[in-house]
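The values are calculated or read from the model by the stated rules, or taken from the named source; none is laboratory data. Please read these numbers as outputs of a predicted model, since none were measured by experiment. Neighbour counts run over all protein chains shown; Cβ positions are idealised from the backbone, glycine included. These accessible areas exclude ligands, DNA and RNA; they are computed on the full protein's heavy atoms, side chains included. Shrake-Rupley method; radii C 1.70, N 1.55, O 1.52, S 1.80 Å.
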Amino acid sequence: MTHFAVHTTDDIRFTDGAQSFGCNSSNFEGFSGKVKAFIFSENGKRFAWIADGQVYVAEAPSWQRIGSLKHPRAQEICFSPSGSYLGVWESYVKTLDQSQVQPNLSVYDVSGKKQLKAFFQQSQVNWQPQWTKDETIFARNVTNEVHFYKADDLQNIVEKKILQKVRSFSISPSTNNHCVTFFVPSVKGAPAYVHLYRYPNFKETSNALANKSFFKVDTIEHFWNKQSTACLLLTAAEMDKSGHSYYGEHMLFSLNTRGDSTRITFSKPGNIHSVAWCPSGQEFFTVYGTMPSKATLFNHKCEAIAEFGSGARNTILVNPVGNIVLVGGFGNIAGRFEMWDIAERKKISETECSDSTYFSWSPCGQYLLTATCSPRLRVNNGYKVWHYTAVLQHENFMDELYAAQWIPDPEAAKPFVISTKPVTGIESSIVAASKERYIPPSQRGAKGPVGVTNTEKKFLSEVDDPLKNEAPPQLSKSALKNKKKREAAKKKREEGESGKEEKGGNNWREAPPPEVAPSKSLAASIELTGNPEKDKKIKNIKKKLDAIAKLKGEQENGKALEKNQLDKIATEEKLMKDLEELIL
């Protein structure tokens, strides 16, 4: 039976998965109090949490506390893959005189219940040390160097990789023939690069199994396949200088132990939203492109081999068995997901899960856990468990939920036959948001072709068809009254025009309104004298007399003139006298 942990404001506890939702068949009695953080080892055998200035550790199957560590400023914790070692990071604090500083990263041997060593680690970013899958090697990043130790002896550095400005590294999840990648960002215009080495043969650059250099890269994420034969590099630049994206620029590369380094090309422009390997290690999924984004399956040669539709999605997650993939939208996209049969390339189910801030597959690969957690969202806090046929199986709500997480169980991932028939489920107690789009009052009640208002909310890749025929909307009383008035006025105009046509014949065209003929001006027949100065004054007076003549014509046709226009007409006699004097 699968279990998951629930972290609230008051406690942390375990609860059962299918088929006993809501019960607690585990031996963990829970912890009452304010818990800062918790974590499981990858094999699910050990469990640790921070509370009341201490770090507590419990062990399966009894889940009894096997010890506690006093760390008043503890903020983060991490386990080695099998839970044999525990790392604790505390806030970096200096003393008042600024002369003495206490180490703030402690590493413990859990089984031996002893501290192996304490390190200085100022930044909380990339604070986690790394262990190999077999827990034989321990490594951490320091300024311009990466130090490697034997996992059970951290007093002596076994190997050291010196790289100027090295920002991060990643150890493969292998039990032997370990590989390591080192990332160095761009420095003074030089390209950024990643080198892949076989541990411990990284003294010389020529020993690298694969290399990749690139520009426009600020950060990088590593995605190793389960077999540790290939690593995907998701690069990101904070600024897209081309101006195509507000979110910067992403690229995806593949490095493998055979020495191949490939940039993956996509059929749609835009950022890369999510990357996930299949458990086989031979195929991987990506969600990419501007919305509606695409989901594509690639083989180990980085060739696209299958498409899984397009829509409002930014997340892809393969279940532990490797036969079902979740494609959905979370975060800044309305919470929805689709389940696809990977082998058949067919959609199994789809549904909405609004306000989800967390999601993960159960260890058996048949159930999905979604949660709405604080402080990301402070309403509808709680968790839900879904069957892969998109049927809700269980839900629980509370005032504040900080985290919900499945307890890892690698042995639970067993093959099963996929069924498209929905299982029996429950209805959510949360009132769902209206699925109808807003309709103005004047258009409410419009009947579609089947007698129902067409307000269905489209799901993911479906879009409204603009060519769909619908009946005209039914108008409100006020809108109908205004429409009748407009129609009556139009009819009246048409009747008037038809009367004019009868008078003038079928070929008659309505003549444009006659322009107002200006009164005859006495200055029209005046000729120039040939004297440039006099002719200039004569032209100016003639211009004013012509304007006065036009105003007098408008006045004779019944137009009411303004006071300034009447004053202009009154100056006509004086202008005529001035004109006569110039002509003489």
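Below are the figures for this structure:
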item: Listed residue pairs exceeding 25 Å between alpha carbons, taken from K212/K346; K346/K421; K113/K414; K481/K559; K45/K226; K212/K301; result: K212/K346; K113/K414; K481/K559
item: 1.4 Å probe accessible area per residue over the chain, in Å²; result: 57
item: Calculated FRET efficiency for the pair R263/Q164, C-beta based, R₀ 35 Å, to 0.05; result: 0.90
item: For the range 57-67, Karplus couplings with θ = phi - 60° (6.51, -1.76, 1.60), whole Hz, Gly/Pro x; result: 10, 10, 10, 6, x, 7, 6, 8, 5, 9, x
item: Whether the range 334-377 is rounded, prolate or oblate, judged on the alpha carbon gyration tensor where a/c under 1.5 counts as rounded; result: oblate
item: Karplus 3J(HN,Hα) series, Hz, for the range 31-41 with 6.51 cos²θ - 1.76 cosθ + 1.60 (x for Gly, Pro); result: 9, 9, x, 7, 9, 7, 7, 8, 7, 10, 6
item: Highest to lowest packing among 267-276, 382-391, scored as the average C-beta count within 10 Å; result: 382-391, 267-276
item: The range 84-90 - phi-based ³J(HN,Hα) in whole Hz, Karplus 6.51/-1.76/1.60, Gly and Pro as x; result: 6, 10, 10, x, 10, 10, 10
item: Angle between the chain longest axis and helix 477-504 axis [Cα atoms, degrees, rounded to 10]; result: 40
item: Taking the C-alpha atoms of the chain, convex hull volume expressed per residue in Å³; result: 377
item: Theoretical FRET efficiency, 1/(1+(r/R0)^6), r = Cβ-Cβ of I439 and R486, R0 22 Å, to 0.05; result: 0.45
item: Theoretical ellipticity at 222 nm over the chain - DSSP helices of four or more residues, -39500 (n - 2.57) apiece, nearest 500; result: -4000 deg cm²/dmol
item: For peptides 485-492, 117-124, 413-420, sequence by mean Cβ density within 10 Å, most packed first; result: 117-124, 413-420, 485-492
item: Angle in degrees between helix 532-556 and the longest Cα principal axis of the chain, rounded to the nearest 10; result: 90
item: FRET efficiency, K563 to E533 (Cβ-Cβ, R0 41 Å, nearest 0.05); result: 0.75
item: Cα radius of gyration and Dmax for the range 356-423 (Å); result: 13.3, 39
item: Share of carbon and sulfur in the accessible heavy-atom surface of the chain [1.4 Å probe, %]; result: 49
